[in-house]
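Here's the structure, in C-alpha cells; my notes come after.
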Amino acid sequence: MERFDVAVVGGGPAGSSAAHGAASAGASAVVLEKGVPRADRPDRLGPDSTDAAGILDYWVDIMDIHPDEMPDDVVLGELDRAEFIGPNESLTMRSTGISSSYDHFGFCMQRARFDDFLRDRAVEVGATYRTGASVRNVETDLDRSEGPRHRLELASGEQVGAEVLILADGPQRQVTSGVLDEYLPFDVTDRLSTRETNHIAYQEHRRLPDPVFEEVAGAIKFWWGHMPGHTAYPWIFPNDDNVARIGLTMPIGLSLDDVSDRDAYPLLNPDDDRVPQGSEYIRRLLEQEYGDEYDVESDFPVVEDRGKSDGTETYAISSTRPIDSPTAAGIAVVGGAMGSTSAFHEGGDHTAVRTGAIAGELAATGDLTAYNDRWKAAVGDEVLRNVAMADVVRDYHPDDWDWAFATARKLLDSGGGYSILKAKNIRAGFGAARLVASYKRAKFAARNGRYVQIPETDYVV
Ligand SMILES: Cc1cc2nc3c(=O)[nH]c(=O)nc-3n(C[C@H](O)[C@H](O)[C@H](O)COP(=O)(O)OP(=O)(O)OC[C@H]3O[C@@H](n4cnc5c(N)ncnc54)[C@H](O)[C@@H]3O)c2cc1C
C-alpha cells in the first residue's frame, strides 16, 4: 500500500488547494480524483469543473489568489455589473459594496483551465495528483499501533494509506457522507440527504448574436421570480468569442402542486403539469428575452465543443449551510462537500480554495484541531451573508422580487451590493426598513457560527 501524510479525495478547487497547502508545508500529499471527461479539456482527464465561473471582486481576497497569478487564458473577461431582473422590475449593481484588492466588479473565467492551474500549482510544490482514481471507501483506525490512520480503497482495488484525510468530493458527498456517518449519533442523511441539501444546476454554452453579446458583455444577469422554488433562477454569464453560459439552478424534486401562484411565474406555462426540465426553462427564457427579434434555436446555437457533454452540463450544487469537521479523527471536509457554496448566488470557488488551503496547511502539521475555527475566521463573514440572504428570500414570490428590486434601486446612492443593507438605510423609508431589517434579523439568527449545520460537538470520536 502506498502511503502519504495527507490524502485528498476530489481534485476540484478545494482538493487541489488542500494538496498545495499540505505539500507547500512539506507534507507528502496525494489527490485522488475520479476524472471526468470534458470537451473543453480534451488532452487530459481532470476534475468535474462545474461552474458558471463568475468571480466577484472581494472573492479574490477570500480565495487569496489574485487573477494576475493565473495563466492568461484562465480569465475570459472582466465584469462591470450584475443585473437582476424581476417579472416587472430590475436592478443593476455596479459594486458589491465590499472593499477588495481587485479593481473591477469581477471576472468570468474558464473553469476547466482554472482547475488545471490549481492542479499544476499543487504538483509544482510536490503533490501527487492522480486521475482515474475513484475512491470507493475509507476505513479509519484511530487506535492503530502500526499502519496508517486512514486506508482509502479505490475502485481499482488499490489501497492508499494516510495520516490525515481531506474530503473534497463536492456537493454529492459520495465519500464524505459515509465517512461522517461513522462519527455521528444520528443518520448522516437526517441532515445531509442529497435531495434536501442540494439543488440541481443545468447550463448550456450558446453562441449569441453580435448585438446580444454586446448587450450582455461585462454583465452577469439573473432572473429572479421567474421560476418557482427557493433560490431558483436562470442566469446568463458571458464568456468569450460571443459564447455565454446560460443556466439555472432549482431545488430537487419540486412539485408544481406546491406552487400556489403559478400564473405569476413568467417561465411557467398554464398547461405545465410538472416543473419544466432545465433545457426547457432555458429555451423559454431565451424566447422571452429575444424571441421577438431572433429565432432562438438557429440564432443562439449550442456550442458543442465546450462544457461536459455536447455543450450542456448538469450538476448538483450544495444549497445548505456548511458543516464542521471531525478533526479529532484526522479528517477535514472542505469546499462544496462542507456546504460552503452559497445557495443564494451559487458562488463557491473562493470558499473552496480557501477552506482547502487552510485544511492542507494544518494537515501538514498532522494536527487539524484548529480547522473549524480557522475556516470560520477566513470565510465566516461570507457564509453568514450568504446564509442570511438565502433565508431572507426563502418565501419570496414574484411580486416580492419586484418589490425588493424597486426598493433596492432607491438605495443605490448609498453604494451597491451589500452597502444597500447597511443599518443606516433603515431610516430611508418603510420599504427600505423592511428590506434591511429582514437581512439584519436573518444575520442575527445565524451569528457566531450558528449557520453551521453539523457543529463539531455533534461528532463522537
Ligand atoms: C452550474 C453551477 C454554476 C456555478 N457557478 C459558480 C460561479 O459562477 N462562481 C463560483 O465561484 N462558483 C460557482 N459554482 C460553485 C462552484 O462550482 C463550487 O463551489 C466549487 O466547484 C466547489 O469546489 P470543490 O472543489 O469543493 O468541489 P467540486 O468542484 O465539485 O470538485 C469535487 C471533485 O471531486 C471529485 N470526486 C467526487 N467523488 C469522488 C470520488 N469518490 N473519488 C474521487 N474523486 C471524486 C469530482 O469528480 C470533482 O472533480 C457553480 C456551481 C454550479 C453547479
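Could you order peptides 268-279, 316-327, 242-253, 80-91 by the average number of other Cβ atoms within 10 Å of their residues, highest first?
316-327, 242-253, 80-91, 268-279
Once phi is turned into ³J(HN,Hα) by the Karplus curve 6.51 cos²θ - 1.76 cosθ + 1.60 with θ = phi - 60°, what whole-Hz value does each residue of segment 377-391 show in order, with x for glycine and proline?
Along segment 377-391, the couplings run 5, 7, 10, x, 4, 5, 4, 4, 4, 5, 5, 5, 5, 4, 5 Hz.
Based only on other Cβ atoms within 10 Å, what is the fewest-to-most ordering of Arg195, Arg374?
The fewest-first ordering by Cβ neighbours comes to Arg195, Arg374.
Which of rounded, prolate or oblate describes segment 196-316 when judged by the alpha-carbon gyration tensor and an a/c cut-off of 1.5?
Note, shape of segment 196-316 comes out prolate.
Could you work out how far helix 349-365 tilts from the main Cα principal axis of the chain, as a 0 to 90 degree angle to the nearest 10?
Between helix and principal axis, roughly 10 degrees.
Over 16 Å apart: what share of the alpha carbon pairs of segment 98-159 falls there, rounded to a whole percent?
The share of Cα pairs beyond 16 Å in segment 98-159 comes to 70 percent.
What FRET efficiency do you get for Thr369 and Asp273 if R0 is 45 Å and r is their Cβ-Cβ distance, rounded to the nearest 0.05?
Computed FRET efficiency for Thr369 and Asp273 comes out at 0.25.
As an exercise, take the mean of 1/r over every pair of distinct alpha carbons in segment 61-104, invert it, and state the Kirkwood radius in angstroms.
When all Cα pairs of segment 61-104 are included, the Kirkwood radius is 12.9 Å.
Computed FRET efficiency, Cβ-Cβ of Asp258 and Val123, R0 45 Å: what is it to the nearest 0.05?
After rounding, the FRET efficiency stands at 0.40.
Stretch Ala445-Glu78 to full length: gain in nm at 0.36 nm per residue minus the Cα-Cα span?
128.6 nm
Specify whether the C-alpha gyration tensor of segment 255-338 places it in the rounded, prolate or oblate class, a ≥ b ≥ c being the square roots of the eigenvalues: rounded for a/c under 1.5, otherwise prolate if a/b is larger than b/c and oblate if not.
Note, shape of segment 255-338 comes out oblate.
Per the helix-only calculation at 222 nm, which mean residue ellipticity applies to the chain, given -39500 (n - 2.57) for every DSSP H run of n ≥ 4 and division by its residues, nearest 500 deg cm²/dmol?
-9000 deg cm²/dmol
Can you tell me how the chain classifies by the Cα gyration tensor, rounded, prolate or oblate, using a/c under 1.5 as the rounded cut?
In terms of gyration-tensor shape, prolate.
Taking the beta-carbon count within 10 Å as an exposure proxy, list Tyr294, Tyr439, Tyr233 from fewest neighbours to most.
Tyr294, Tyr439, Tyr233
I'd like to compare 234-241, 358-365, 213-220: which one has the highest average count of other Cβ atoms within 10 Å, and what's the full order after that?
Going by the mean number of other Cβ atoms within 10 Å, highest first, we get 358-365, 234-241, 213-220.
So what's the angle, to the nearest 10 degrees on a 0 to 90 scale, between helix 111-124 and the longest Cα principal axis of the chain?
Orientation of helix 111-124: about 20 degrees from the principal axis.
Just list whichever of Lys34/Lys221; Lys410/Lys440; Lys221/Lys410 have alpha carbons separated by over 22 Å in the model shown.
Lys34/Lys221
Ranked highest first by the average count of other Cβ atoms within 10 Å around their residues, in what order do 70-79, 388-397 fall?
Going by the mean number of other Cβ atoms within 10 Å, highest first, we get 388-397, 70-79.
Here, each number is a calculation from the coordinates, and none is a lab measurement. Given the structure is predicted, the values throughout are model-derived calculations rather than measurements. Here Cβ is always computed from backbone atoms with ideal geometry, including for glycine, and neighbour counts include all displayed protein chains.
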